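Working notes for the structure below.
The values are calculated or read from the model by the stated rules, or taken from the named source; none is laboratory data. Everything numeric here is computed off the predicted structure, so don't read it as measured data. With ideal geometry, Cβ positions are generated from the backbone for all residues, glycine too; neighbour counts draw on all protein chains shown. Heads up: the accessible areas ignore ligands, DNA and RNA and are worked out on the full protein's heavy atoms, side chains in. Shrake-Rupley method; radii C 1.70, N 1.55, O 1.52, S 1.80 Å.
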Amino acid sequence: MGTRVFIDGAAGTTGLQIAERLRRLAEVSLLSNGDAARRDRSARLAFMQEADLVVLCLPDEAAREAADMIEKLGSAAPKVLDASTAHRVAPGWVYGFPELSPEQPATIAGAPRVSNPGCYATGAIALLKPLVASGILPPEHPLSIHGVSGYSGGGKAMIADHEHDGGPAFELYALSLNHKHLPEIAHHAGLQRRPLFVPSVAHFRQGMIVMVPLHLEELPGRPTAREIGSALREHYAGSRYVSVRRPGAEQRLSAEPISGSDAMELFVFENEAASQALLVARLDNLGKGAAGAAVQNIRLMLELDIAVPARALA
């Protein structure tokens, strides 16, 4: 039997996607409690005690309760990866974005508790963290972030809305300007000022684009798009999953070409005459934005992926 992994909440979209990916790994043995036992606390606890690693694919409050169950196992507790929002800025939890810094893969590998990033947050942090770290972007700079996602990340109700005839073409949401990914974006990108974030969903199943517009003349030193691109390329040099693309003459960018991939592509578009730039991250909301990222973290936590390329921090 390989390393034992129990997915608590495997019936949802993310849990199903993680399970599908883990079944391809010969080193991993998936524990399953079946449909009848999913709400049975004692059955879940028994699987947690048997597992080497538990993946929580639960609503936030249920994830907190499950994490508490695991913590009470003391020295017998398995490692835990939480795919919910509950612990992404919580003390004692490591943020599961290996590309955050050169040290982050080793930190994830040695952590008993890891929080899997949010999909929009993954794109936003990937764009912003290197620029804040390099001094190009002041942490107190006012920012707006916009995103559009495929409907598969919106839960069963949203998926049903889009998969019947006449589903909505495009919708803005979280118009209270208080989306649940905001705290992790600000915290892990190193921002000192809360950004304005407006997400949306469109009538395609998978894929995501996250956008950050910048007035370059408002930034210290008036950086160019070339300098911003260089900082991003330096930060992600050697990365297996994140690449910085050099934009060509294209005037359109679709989210769907990256569907099914665990990669993320970053772009810097520029209007030099207007001193404006548009930072763009393109990823699959179910890949690098959810299940793909979870398996990347699981491989690190179970020491199945020791050879992690070094990265230079911009």
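The stretch 76-142 to the stretch 210-229: how many Å between their Cα centroids?
Cα centroid to Cα centroid, the span is 23 Å.
Separation between the Leu304 and Ser101 pseudo-spin-labels, each 7 Å from Cα along Cα→Cβ, expressed in nm?
Between Leu304 and Ser101, the label points sit 2.7 nm apart.
For the peptides 283-291, 247-255, 23-31, 141-149, what is the packing order when you average, over each peptide's residues, the other Cβ atoms within 10 Å and list the highest mean first? Please list the in-between numbers first.
On the way: 283-291: 28.9, 247-255: 10.4, 23-31: 14.0, 141-149: 20.0.
Final packing ranking: 283-291, 141-149, 23-31, 247-255.
Heavy-atom accessible area per residue, the stretch 112-265, 1.4 Å probe: how many Å²? Please report the intermediate quantities before stating the final value.
Values: 7320 Å² over 154 residues.
That works out to 48 Å² per residue.
Please report the antiparallel percentage of DSSP beta bridges with both residues in the chain, rounded to the nearest 5.
Among the beta bridges of the chain, antiparallel pairing accounts for roughly 45 percent.
Using a 1.4 angstrom probe on heavy atoms only, work out the carbon and sulfur share of the accessible area of the stretch 1-149 in %.
Working: 3050 of 6010 Å².
Roughly 51 percent of what the probe reaches on the stretch 1-149 is carbon or sulfur.
On a 0 to 90 degree scale, rounded to 10, what angle separates helix 41-50 from the longest Cα axis of the chain?
The two axes meet at around 80 degrees.
Figure the gain on full extension for His187 and Asn271 (residue separation times 0.36 nm, minus the Cα-Cα span) and round it to one decimal in nm. Present the calculation step by step, with values, prior to reporting the outcome.
Numbers: separation 84, 0.36 × 84 = 30.24 nm, distance 2.97 nm.
Length difference between fully extended and current span is 27.3 nm.
So between Ala43 and Asp68, what do we pick up on full extension, going 0.36 nm a residue minus the alpha carbon distance?
Gain on stretching Ala43 to Asp68: 7.4 nm.
If you line up the long axis of helix 119-134 against the longest principal axis of the chain, both from Cα atoms, how many degrees apart are they, to the nearest 10?
50
Need the full-extension length gain, Ser144 to Arg205, defined as separation in residues times 0.36 nm minus the C-alpha distance. One decimal, nm.
Separation in residues times 0.36 nm, less the Cα-Cα distance, equals 19.4 nm.
Could you work out how far helix 292-301 tilts from the main Cα principal axis of the chain, as a 0 to 90 degree angle to the nearest 10?
60
Measure off 7 Å from each Cα along the Cα-to-Cβ vector at Thr224 and Arg246, then give the distance between these two points in nanometres to one decimal.
1.4
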